[in-house]
1. Treating only the Cβ of Lys, Arg, Asp and Glu as charged (+1, +1, -1, -1), what charge dipole size does the chain show about its Cα centre? Round to the nearest 20 debye.
2. So what's the net charge close to Leu148: Lys and Arg +1, Asp and Glu -1, counting the other residues with Cβ under 12 Å from its Cβ?
3. For the full complex of protein chains and a 1.4 angstrom probe, list Thr286, Thr185 by accessible area with the highest value first.
4. When all protein chains stay in place, what accessible area (Å², nearest 10, 1.4 Å probe) is found for Ile256?
5. Per DSSP H run of n ≥ 4, the term is -39500 (n - 2.57); total these for the chain, divide by its residue number, and report the mean residue ellipticity at 222 nm rounded to 500 deg cm²/dmol.
6. Summing Lys, Arg as +1 and Asp, Glu as -1, what charge do residues with Cβ under 11 Å from the Cβ of Ala250 carry, Ala250 excluded?
7. Using only Cα atoms, find the angle between the long axis of helix 130-142 and the longest principal axis of the chain, and express it within 0 to 90 degrees, rounded to the nearest 10.
8. Hey, what's the Kirkwood Rh for the chain if you take every pair of different alpha carbons, in angstrom?
Amino acid sequence: MTPADPTPTERAPTDLAPTGRRPVLSVRGLSVRFLMPAGRRVAAVTDAHFEVAAGECLALVGESGCGKSVLASALLGLLPANAQAAGEAHLGELDLLAADERTLARTVRGRLIGLVPQSPAAHLTPVRTVRSQLEETVGALTGTRGRLAVRVAAEAAATRAAFRADHLDRHPHELSGGLAQRAATALALVGDAPLLLADEPTTGLDRDLVDHTVDELRRHMDTGRRALLMITHDLSAAERIADRVAVMYAGRIVEIADAEAFFGAPGPRHPYSRGLLQALPDRAFTAIPGMPPELGDLPEGCAFAARCERATDACGALPPTTGHLACHHPHVPEDLSA
């Protein structure tokens, strides 16, 4: 991949995975730019740093269009041709951003990274039944042999994802959005991939199925051998499953926090993070004023300054440093209850 401009800043946070375990995924300075007509560049992801350890779930949250899914595509090598990526994303010893397409296709996707895609219908083969796709995946990823053994394993994967057995012989076009999501989840759970990447895995599901899905994802990595990166705008689902939360705004990760402290006490420190929580129906249900900036026309300073009640002149002029907390004037413990 061609390096993006600007290059990532030279920072190396050392405590982004405070579990004491070796990280499964380590991302350093990941930036993604889209080259548009007339030489214009759109900064979809800027200088992302984070780690996910075995046995841990990191929930990457934020409004639609903030860059979450672009980040996921960069990790999988699925960016479009007009995208440039820079930085590092190590899965064990393998740098995903430097890997060639052959390695990504044969080694990474499915075997090292299990994917629950945001648009499952587009990832299911339209002319084959869900059963045949599950059975093929079982055979390819687990080494299971024998028609009966493969069938049993495929049905077990479907059950884990709450996909009913009487729907297994349907084709993707015969499935509702929720059923397609569960079929994609079942496929992602087949292998023993060290990293599970779930991109909006609860889209189109009712609340009971949301709870079932996140609980199954949690069980999948509770063995302590797998890591889960869940990308979602559903903060209720994130609260149910996450160990830590990374908040993304206008292409930047602006805060990384322990989930218990983030959703409980003392709460998040970044004003945008606090605004996300206050917008939930079971909280203050107060919308954040204004709209996010266009990624192709980001301000010089903090991208959230125009919407932030704590902003000063410095916020509009100087970008905050990135890392655990990207804010010139974060909430501190004594004012978090305000």
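The values are calculated or read from the model by the stated rules, or taken from the named source; none is laboratory data. Quantities reported herein were computed from a predicted structural model and do not represent experimental measurements. When we count neighbours, we look across all protein chains shown, and the Cβ atoms used for this are built from the backbone with ideal geometry, even at glycine. With ligands, DNA and RNA removed, areas are computed over all heavy atoms of the protein, side chains included. Shrake-Rupley method; radii C 1.70, N 1.55, O 1.52, S 1.80 Å.
1. The dipole magnitude comes to about 940 debye.
2. +1
3. Thr286, Thr185
4. Surface accessible to solvent at Ile256 totals approximately 20 Å².
5. Taken over the chain, the calculation gives -7500 deg cm²/dmol.
6. -1
7. Approximately 80 degrees, to the nearest ten.
8. In the chain this quantity evaluates to 20.8 Å.
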